[in-house]
Amino acid sequence: MAPTLAVFKLASCDGCQLTLLDCEDELLALAGEVEIAHFLEASSAVRPGPYDLSLVEGSVTTADDAGRIRAIRAASRHLVTIGACATAGGIQALRNHADVDEYRRVVYARPEYVSTLATSTPVSAHVDVDFELRGCPVDRRQLIEVITAFLAGRKPDVPNHSVCFECKRRGTVCVTVAHGTPCLGPVTHAGCGALCPAYHRGCYGCFGPSGSVNLPALIPLLRRDGMDEDAVERFLHTFNATAFEKELER
């Protein structure tokens, strides 16, 4: 019997699921080797678990999300979180530093109808996770590698080095050294192919912290390149705010 693959969504924009759909040829080949048992972004045809591999996109922002992720974990042999929302709480984790009730009053005409938690948290804060694939959105090559690895019973070959390595590999001149451009590349997980530096922009940290982060060494360089304290804080509080906060607390 073919192994079963399930894809689930919590609080997110669907971008990581769309990355899987954008794999096209690779997805067709994959579909011939597995049974895609649950993937509402692709098909309304679903079957109940258990599942050999579940991919989860999105953060936990409601009590319903918290209940769903526990049920998904119970039905999954392996659970992999995909994207910044699922691995770090996502851009919506900025609520963790604000008054959520005030947001509801300002944004919604009938705030009493909006049920939400005060925080947006990664899936790993609620259940055990077998692997976290970072990115906003995830990289399609890394996504296919992770799916293939788990279905083959091996460890995913996803490097843990920084974006700086990717800049060197593609021959991109360092935007910080050459132009004094603030960049999070030295502390950000590789996977994007150094897209922003290739277009003469600093890295924005879409893939979260790499395996060797030294923010106390980087922050003085950001200030040297024109960022004041508020600007540095905003720079670190985007897609992976909670993940970078943890690095600052170490």
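Structure notes:
- Evaluating Glu26 against the criteria (1) in a strand (DSSP E or B); (2) of a type outside the set (Ser, Thr, Tyr); (3) open to solvent by 10 Å² or more (accessible area, probe 1.4 Å) leaves one unmet condition, (1).
- Restricting the stretch 84-141 to residues that are part of a helix (DSSP H, G or I), among the hydroxyl-bearing types (Ser, Thr, Tyr) and out of contact with any Pro (no Cβ under 8 Å at 6 or more places or on another chain), the residue that is surrounded by the fewest Cβ atoms within 10 Å (Cβ to Cβ): Tyr113
- Against the numbered list (1) without any contact (Cβ under 8 Å) to a residue 60 or more places away in the chain; (2) over 12 Å from Val60 (Cβ atoms); (3) not small (Gly, Ala, Ser), His97 comes up short only at (1).
- Scan of the stretch 46-81 for residues that are open to solvent by 70 Å² or more (accessible area, probe 1.4 Å) and either within 21 Å of Leu27 (Cα to Cα) or of a type in the set (Lys, Arg) (or both), ordered by number: Val46, Arg47, Arg68, Arg70, Arg77
- Taking the listed residues Val187, Val213, Val232, the one that is more than 20 Å from Ile91 (Cα to Cα) and hydrophobic (A, V, I, L, M, F, W, C) is Val213, with no other qualifying.
- Annotation note: Cβ proximity below 7 Å between a residue of the stretch 100-118 that is under 21 Å from Val60 (Cβ atoms) and a residue that is open to solvent by 100 Å² or more (accessible area, probe 1.4 Å) (sequence gap 6+ or interchain) occurs for Pro111/Arg105; Val114/Tyr108.
- Tally of residues being open to solvent by less than 60 Å² (accessible area, probe 1.4 Å) and within 21 Å of Gly211 (Cβ to Cβ) across the stretch 150-171: 10
- Test: Gln92 is over 24 Å from Val34 (Cβ atoms) and in contact (Cβ under 8 Å) with a residue 12 or more places away in the chain: yes
The values are calculated or read from the model by the stated rules, or taken from the named source; none is laboratory data. Keep in mind that this is a model prediction, so the values were computed, not measured. Here the Cβ is made from the backbone with ideal geometry for all residues, glycine too, and neighbour counts use every protein chain on show. With ligands, DNA and RNA removed, areas are computed over all heavy atoms of the protein, side chains included. Shrake-Rupley method; radii C 1.70, N 1.55, O 1.52, S 1.80 Å.
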